[in-house]
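Working notes for the structure below.
What follows is calculated from the coordinates using simple rules that are stated; it is not laboratory data. Remember, it's a predicted structure, so these values are computed and weren't measured experimentally. Cβ sites come from the backbone with ideal geometry, for glycine too, and all protein chains shown count toward neighbours.
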Amino acid sequence: MRKIKISALILICMFGLVACTASEQEITEENSVVEEESVGDSEDNISEDIADDSGENNGVVESSEILLQDEDVRSITIDLSDVKETYAEGDAVTPLNLKIISEEENGITWADDWYNEMNLSLPMVDGAWKRFYDATYEYLWIDECLKIYERETGKHLYTLEYPTDRWYVNGNNAYIKDGIFYGASIANGYADSDTCFMFAYDLNNEKILWRSASQSYNTMNFIVIDDVIICGYGFTEEKDYLYQINMNTGEVIDKLELKKMPDLLVEQDGKIYVHTYSYDYVIEIDS
């Protein structure tokens with residue numbers, strides 16, 4: 001009788017073990033499906049709306065499907081480790097005449113709140129900092145890589161990887177013109193040699209064309225007006241400036257001192273709106 005009871009108990013335990021194993025397998029398979037779907041959504045199945053080129057993209061979008069064609073993608077790693085400040089030969093550019101017309105303390109507010117209040121917009125897709133656009137290209141940060149697509153066709157053209165602080169990759173900080181990529185390498189912290197600069201990279205010949213001076217860039221984004229790049233740099237114990245950089249050569253051609261470090265910039269209706277840590281600026285572009 002005792003042997004029968006023990007045998008029954010063993011059978012019950014074995015049944016429970018089989019049931020648990022089956023349940024765990026179902027959960028594992030389910031999680032695997034979710035993970036695959038998640039990865040697909042972030043890379044291979046991007047099919048979201050792209051903002052309108054009009055500049056007034058508040059709710060107005062064009063539907064466009066991103067079609068990844070990985071066999072045609074050029075993957076480029078840009079090595080900036082030994083690149084020193086260097087300039088290219090190119091046409092001279094006259095600096096924009098910038099005039100501060102408004103300077104107000106903001107009580108240390110979020111930039112988004114001020115931009116919404118001023119009815120401003122940035123070239124972002126669905127409000128996501130990691131996904132933004134210009135007239136021709138769309139840019140998407142995934143992990144450490146910047147993926148670049150042709151807006152008209154949705155074709156995946158490039159995957160670029162270069163050193164920059166993770167905080168700043170979530171910003172409108174890339175631009176392509178005539179096969180030249182303009183980007184920034186940023187280190188978050190006090191000034192250090194060979195940090196916080198912009199660079200121009202020839203995508204066809206895969207080489208650096210110029211690298212701006214150290215401590216000339218740590219804003220979340222930059223603005224391109226004609227052949228002038230407008231960006232900024234500043235930190236706690238360092239002076240804070242809005243810089244103008246010649247796109248052709250990489251040289252700083254002008255700077256405007258601000259009371260605090262600029263972080264976000266918007267160009268709209270002939271003005272540049274600048275949010276800083278504790279001040280909001282409206283700067284007129286005087287022709």
(request) Take the alpha carbon atoms of the stretch 180-281, find their radius of gyration, then divide it by 2.2 N^0.38 Å using N residues; give the quotient. (result) 1.05
(message) Let me see the P(r) profile for the stretch 229-287: every Cα-Cα distance counted, bins of 5 Å, each bin given as a percent of all pairs.
(response) 4, 19, 28, 25, 17, 5, 1
(message) Using Cβ contacts closer than 10 Å as the measure, can you line up Trp210, Trp141 from fewest to most?
(response) Trp141, Trp210
(message) Compute, for the stretch 49-286, the length of the dipole vector about the Cα centre, with Cβ point charges of +1 (Lys, Arg) and -1 (Asp, Glu) only. Units Debye, rounded to 20.
(response) 420
(message) Quick check on the exposure proxy: order Arg74, Arg211 from fewest to most C-beta atoms within 10 angstrom.
(response) Arg74, Arg211
(message) Please state the shape class of the stretch 65-199: rounded when a/c is under 1.5, otherwise prolate if a/b exceeds b/c and oblate if not, all from the C-alpha gyration tensor.
(response) oblate
(request) At 7 Å along the Cα-to-beta-carbon direction for both Arg166 and Lys99, put a label point, then send me their distance in nm to one decimal. (result) 4.6
(request) Can you bin the stretch 49-286 into rounded, prolate or oblate? Criterion: square roots of the alpha carbon gyration tensor eigenvalues sorted a ≥ b ≥ c, rounded for a/c under 1.5, prolate for a/b above b/c, oblate for the rest. (result) oblate
(request) Compare the Cα positions of Ser102, Thr219, Pro163 along the charge dipole of the stretch 94-244 (+1 at Cβ of Lys, Arg; -1 at Cβ of Asp, Glu; about the Cα centre) and return the one farthest towards the positive end. (result) Pro163
